[in-house]
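The values are calculated or read from the model by the stated rules, or taken from the named source; none is laboratory data. In this text the structure is predicted, and so the values were computed from the model without any measurement. Neighbour counts are summed over all protein chains in view; Cβ atoms, including those assigned to glycine, are modelled from backbone coordinates with ideal geometry. All accessible areas refer to the heavy atoms of the entire protein, side chains included, with ligands and DNA or RNA removed. Shrake-Rupley method; radii C 1.70, N 1.55, O 1.52, S 1.80 Å.
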Amino acid sequence: MNQPRRLVLLGATGTIGQQTLDLLGQSTSHFEVVGLSAHTQAEALAKIQVGVPQAKTWLTSLSAENKGLLDFLRSGDYDLCVHGMVGAAGLPFSAAILQAGKTLCLANKESLVLGGQWLSQLAKANSATIIPVDSEHAAIHQCLQGQAQNSVRRIYLTASGGALRDWPQEQLADATPKQVLEHPNWDMGPRITVDSATMMNKAFEIIEAHHLFDLEAHQIEVLLHRQSIIHSMVEFEDGNMLAQLGPPDMRFPIQYALHYPNRQACSLQGFDPKLFSTLTLEQVDESRYPAISLAKEALHAGSAAGTAINAADEIAVEAFLTGKISFAEIVPICQSTLRAMPAFEVNSMKEMTVVDGWAREYATAQLTSQAPA
Ligand code: MG
């Protein structure tokens, strides 16, 4: 029996954290939990620690530097870290794990959207590994095992289309937050559910895929797949294609990331292949989902683009949820912010903070200019 791997779980009380703990409970001899963090839920964190009394715990704060946790992550006194924090605040933790040369099981997609170029450089310089915990990217990661990097012709990211996928386009402006928050397949937080309906989530995933797999904009395509069973596909230079399938449940990519490069038995059951004829794949109408072309535009706009559109989207989604703008205005605000962005270069937290602040201010000014008189 090998030594258990020393594991840190960031965002232990969130959705990804809870699902990770569920899976860890099924392979206790493989891991020793040495660290846990939560954002505000001190009580829930204390409850989790009862099961793993040896683990250090940290409560993170948006206003503080979180030095204790960052120092621990930089110290490298662990083997792998599951990063399930929510939002842009997760980026410095990703950087610390990669600086320590450790394995980062990454569910915090903002890390790659904001700092993809920087994190890729850190991973390379410190021989660290990033294993994506996002269903589409975990699918691509699995399809690429044993394949040469330059053998990929293109990838197909699948998208559910969100709650409004069957609405007539001209009615989208009237969609209410309640209607948008009813996602057909996945149970997620409010921002990502809105991002799923606008496909800004898929736009961020295009940026993620670009950084994770070193792909150009023309190599990344998006298909509408209503059932969320085919999580993504890869077409190779010789025309052969591979896809990864499974029920829409984040425990599948988490289990894969935890045990990579091994496959570990667990209670999860795969998709029943006899139901394959119920699956559909459709072309995405980019006039209905302008977020897709916005993502491609962002890939050509330099290292600050992800930071700018993420900040603008956060402002716009919040404004939509609080009734200040219509659903149809979210993506145009992100687009105008990207197009107005000065030529920033982003290679550090400090530079990112400058871009983030600029984009928030710009997007907020857009809200005022669009508000009804
Ligand atoms: Mg995803």
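Some values worked out for this structure:
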quantity: Formal net charge of residues neighbouring Pro53 (Cβ-Cβ distance under 14 Å; K, R +1; D, E -1); calculated: +1
quantity: Mean Kyte hydropathy of -1.0 or more with a Cα span along the axis of at least 18 Å, helices from DSSP in the chain; calculated: 109-125, 200-213, 305-321, 349-370
quantity: Trypsin sites (Lys or Arg not before Pro) restricted to the range 293-351 and DSSP loop, no more than 16 other C-beta within 10 Å; calculated: Lys324
quantity: Intensity falloff of the chain expressed as log10 I(q)/I(0), Debye formula with alpha-carbon point scatterers, at q = 0.06, 0.07, 0.08, 0.14 Å⁻¹; calculated: -0.22, -0.30, -0.39, -1.28
quantity: Full-extension gain in nm, Asp71 to Arg5, via 0.36 nm per residue minus C-alpha separation; calculated: 21.8 nm
quantity: Residues of the range 64-221: accessible area per residue with a 1.4 Å probe, Å²; calculated: 37 Å²
quantity: Exposed GluC sites (Glu not before Pro) absent: longest stretch of the chain, with sites in DSSP loops and at most 16 other Cβ within 10 Å deemed exposed; calculated: 66-181
quantity: Computed Rg/Rh of the range 5-132, alpha carbon atoms with Kirkwood Rh; calculated: 0.94
quantity: DSSP beta bridge pairing in the chain, given as percent antiparallel to the nearest 5; calculated: 30 percent
quantity: Helical mean residue ellipticity (222 nm; -39500 (n - 2.57) per DSSP H run of 4+; nearest 500) of the chain; calculated: -13000 deg cm²/dmol
quantity: Apportionment of accessible area to carbon and sulfur, the chain, percent (1.4 Å); calculated: 52 percent
quantity: Proximal lysines to Lys109, defined as alpha-carbon separation beneath 16 angstrom and excluding residues fewer than eight positions away on the same chain; calculated: Lys202
